[in-house]
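One structure is given below, encoded as C-alpha cells.
The values are calculated or read from the model by the stated rules, or taken from the named source; none is laboratory data. Treat the numbers as computed from the prediction; the structure is a model and nothing was measured. With ideal geometry, Cβ positions are generated from the backbone for all residues, glycine too; neighbour counts draw on all protein chains shown. Note: areas computed on protein heavy atoms with side chains; ligands, DNA, RNA excluded. Shrake-Rupley method; radii C 1.70, N 1.55, O 1.52, S 1.80 Å.
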Amino acid sequence: MSNSIADLRRKINGANDLQSVVRTMKTLAASNIGQYEQSVRALTDYFSSVEAGLGVCFRERGLSFTGAESKFKGRSVEINAIVFGSDQGLVGRFNDVIADYAIKTLADLPGTPRVWAVGERVHAHLGEAGLRLSGHFAVPSSVTSITPLIAQILVESKAQHTPSATGRTDRDETAELHLFYNRYSSGAMYEPLHQRLLPLDLDWQRELASRSWPTKILPEVMGGSLETLRSLISEYLFVSLFRACAESLASENASRLAAMQRADKNIEELLEDLGGTFHRLRQSGIDEELFDVVSGFEALGGGMPQ
C-alpha cells in the first residue's frame with residue numbers, strides 16, 4: 001500500500017511539473033503569435049504606399065491590359081514555388097497541411113514546378129512527393145530573422161526572376177512565382193494559402209491604375225519610369241514574402257498552441273484520475289490502520305471501546 005501511494009505521489013508530481021511546462025509553452029506560443037501578427041500589421045501602410053506607387057507607374061507607362069496572359073496560352077510555362085514550413089516540434093500537422101496543399105495545387109498547374117522549401121521537414125515531405133527541389137532555407141526563429149531570410153530568397157531566385165515592367169521575367173515571360181504558406185486566422189486556427197506573385201495579376205494592375213490619388217497634389221514619376229517601376233515591384237515582392245513568412249510563423253505557433261491546449265486538457269484529466277485514486281488508496285490505508293488498532297485492542301481482551 002505504501003509503495004502504491006508513493007508511486008502515485010511521484011506520478012502526480014511529474015504530471016504537475018509537465019503541466020507547468022505545457023502552460024509556459026502555451027503562453028510563449030500566444031505571445032509569439034501576437035508579435036508576428038503585429039509585424040504583419042506594421043507592413044500594411046507601407047504596402048499601401050507601394051501599391052499607390054505602382055498604380056501611378058502603370059498609368060504613366062500606359063500598360064496594355066488586354067489579354068496579355070492568354071498570349072502565352074499553350075506554351076511551356078516555368079513554375080517556381082516557395083513553400084513555408086516549420087522545423088520546430090509540437091506543431092501537429094502544420095507541415096503536412098501546407099505540403100499536401102502545395103503538392104495538390106502544383107499538380108493542377110501546367111509545366112514542371114521547381115520548388116524551394118523553407119524548413120527541412122517540409123522539404124523532405126515535398127521531396128517524397130517527387131517534386132523538383134531547388135533547395136531549402138532555414139526557418140526564422142524571430143521577427144528580426146525574417147528580413148535576412150527574405151533577402152536570401154530574393155538573391156536565390158533573382159537568377160530565375162528578373163522582373164520586367166509587366167512583372168514578368170526578362171529571361172522568360174511565361175515564368176511564374178508562387179507562394180504557399182499557412183495563414184493565421186484566430187485563436188489556434190490557420191489555413192493553407194496559395195498566392196501567385198509573378199507575373200503580376202492583370203486585374204490587380206487594372207485596379208491599381210484606376211485608383212484615384214488620395215490628395216489634390218498629383219504624383220509625378222521622376223527619372224526613369226521603368227527603373228522606378230522595377231524598384232516598386234521589388235518592394236512588392238519583399239513585402240509579400242515577408243508577410244507570407246510572418247503569417248506562417250504565426251500559424252506555426254497557433255498549431256503549437258492548439259497542441260499545448262490539448263496536452264493541458266489531457267494532463268488535467270490525468271491529474272483528476274490520479275488524485276481520485278490517491279485519495280481512495282489513502283482512505284483505504286487509514287481504514288486498514290484503524291482496523292488493525294481495533295483488532296489489536298480486541299485481541300488483548302479489551303472489547304470494543306465505548
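Observations on the model:
- Of His123, His279, His136, the residue with the largest accessible area leads and the full order is His279, His136, His123 (1.4 Å probe).
- Per-pair calculated FRET efficiency, R0 = 45 Å: Arg10 and Thr144 via Cβ, rounded to 0.05: 0.60
- Asp108-Gln35 pseudo-label distance in nm [points 7 Å out on the Cα-to-Cβ vector]: 3.6 nm
- Peptide ranges 205-215, 185-195 listed from the most packed, as the mean C-beta count within 10 angstrom indicates: 185-195, 205-215
- Highest average packing first - 7-17, 252-262, 225-235, Cβ atoms within 10 Å: 252-262, 225-235, 7-17
- Residues within the reach of a label modelled at Leu43 (point 7 angstrom out along Cα to beta-carbon, backbone nitrogen below 13 Å), restricted to the stretch 224-243, are 235-243.
- Accessible-area rank, largest first, for Met222, Met25: Met222, Met25, with all protein chains present and a 1.4 angstrom probe.
- The packing ranking, built from the mean of other Cβ atoms within 10 Å per residue, places the peptides 145-154, 95-104 in the order 95-104, 145-154, highest first.
- Using every pair of distinct Cα positions in the stretch 195-267, the Kirkwood expression returns a hydrodynamic radius of 16.2 angstrom.
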